[in-house]
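Below is one structure, written out as structure tokens; the observations come after it.
The values are calculated or read from the model by the stated rules, or taken from the named source; none is laboratory data. Computed from a prediction, not measured in an experiment: that's the story for all the values here. A quick note on method: Cβ atoms are made from the backbone with ideal geometry, for glycine too, and the neighbour counts reach across all protein chains shown. Note: areas computed on protein heavy atoms with side chains; ligands, DNA, RNA excluded. Shrake-Rupley method; radii C 1.70, N 1.55, O 1.52, S 1.80 Å.
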Amino acid sequence: MDTFTLHRGTAPLLISLPHDGSEIPAELAAGMTDAARLAPDTDWHVSRLYAFARELGASVLVPRYSRYVVDLNRPPDDTSLYPGQNTTGLCPAVRFTGEPVYLDGHAPGPQQVAQRVETYWRPYHEALRGELHRLHALHGRVVLWEGHSIRGSGLPFLFDGRLPDLNLGTAAGASCSAGLQARLETVLAGQVDYDWVANGRFKGGHITRHYGDPARGIDAVQLEISQRNYMDEDSFAWDAARAERLQAVLRPLLLATLTA
């Protein structure tokens with residue numbers, strides 16, 4: 001079963017988009033609420049938003065299935081990434097609104113969760129690990145860029161008020177070199193269209209924290225984008241004009257990762 005697509009590039013940059021997938025197998029969707037079957041918590045259109053990265057030589061890894069099937073950015077043991085704060089798990093039982101994903105009695109049990117990890121989670125991570133290894137062998141260094149997006153307002157279950165436009169996460173500086181973080185922050189500080197924060201509400205998920213190893217030349221960075229900046233948050237519709245404006249900032253950010 002094809003659970004992801006991988007475009008192999010030539011530059012020392014891998015873009016991972018673990019929440020871009022929106023498909024839910026029919027047998028799993030049958031146990032979900034009507035609202036959850038629409039996969040509303042998808043990182044909508046991020047593969048389209050980052051499509052230009054192939055021109056820069058980047059590799060791009062994109063899943064097929066929704067985070068409601070299994071969340072590729074959670075650890076396989078489902079340890080909380082943000083202790084003490086509301087979040088969603090490895091096989092989410094609640095949506096970002098706090099409402100249930102499943103009909104009563106249909107949430108997956110431990111055996112079903114384990115099967116989903118083997119079927120959907122593990123192949124993505126094997127591909128990610130393999131591509132990082134390939135690019136690192138070619139260049140002696142590699143940057144893993146975690147591309148994410150979320151509804152930036154109206155999600156009190158996860159955060160208060162309005163999320164900044166651009167949210168850079170480096171596990172509080174542990175997942176990438178200080179030099180790379182400084183270059184990225186210089187790009188963000190030099191633009192005037194978007195507000196931003198580094199290591200605020202979103203500091204990087206499992207992928208950023210697990211694979212980042214700057215001492216070995218593997219830098220990992222997450223960028224959480226408020227969806228209002230490139231789409232309509234209510235209809236999920238792509239907005240070409242807003243997306244083009246945002247890409248004018250994303251491009252120099254990615255170019256900054258290619259500067260050794």
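Structure notes:
- Selected residue [open to solvent by less than 10 Å² (accessible area, probe 1.4 Å) and over 14 Å from the mean Cα position of the chain (by Cα)] from Ala39, Ala26, Ala51, Ala107: Ala39
- Restricting attention to the range 117-149, the residues that are out of contact with any Phe, Trp or Tyr (no Cβ under 8 Å at 6 or more places or on another chain) and either modelled with pLDDT under 95 or open to solvent by 20 Å² or more (accessible area, probe 1.4 Å) (or both) total 13.
- Residue within the range 113-122 that is outside any loop (DSSP other than H, G, I, E, B), over 19 Å from Thr79 (Cβ atoms), among the β-branched types (Val, Ile, Thr) and touching a His at 6+ places or on another chain (Cβ under 7 Å) present: no
- Candidate set: the range 193-233, residues that are among the hydroxyl-bearing types (Ser, Thr, Tyr) and assigned to a helix (DSSP H, G or I); chosen: the one surrounded by the fewest Cβ atoms within 10 Å (Cβ to Cβ): Tyr211
- Filter result for Gly190 (modelled with pLDDT under 95 and open to solvent by 50 Å² or more (accessible area, probe 1.4 Å)): no
- Sole residue being modelled with pLDDT under 95, closer than 22 Å to Asn199 by Cα and aliphatic (A, V, I, L, M), chosen from Leu81, Leu72, Leu13, Leu17: Leu81
- Contact annotation: residue pairs with Cβ atoms under 8 Å, 6 or more positions apart or on different chains, pairing a residue in the range 172-189 that is farther than 22 Å from Arg251 by Cβ and of a type in the set (Gly, Ala, Ser) with a partner that is open to solvent by 50 Å² or more (accessible area, probe 1.4 Å) and part of a loop (DSSP other than H, G, I, E, B), are Ala172/Lys203.
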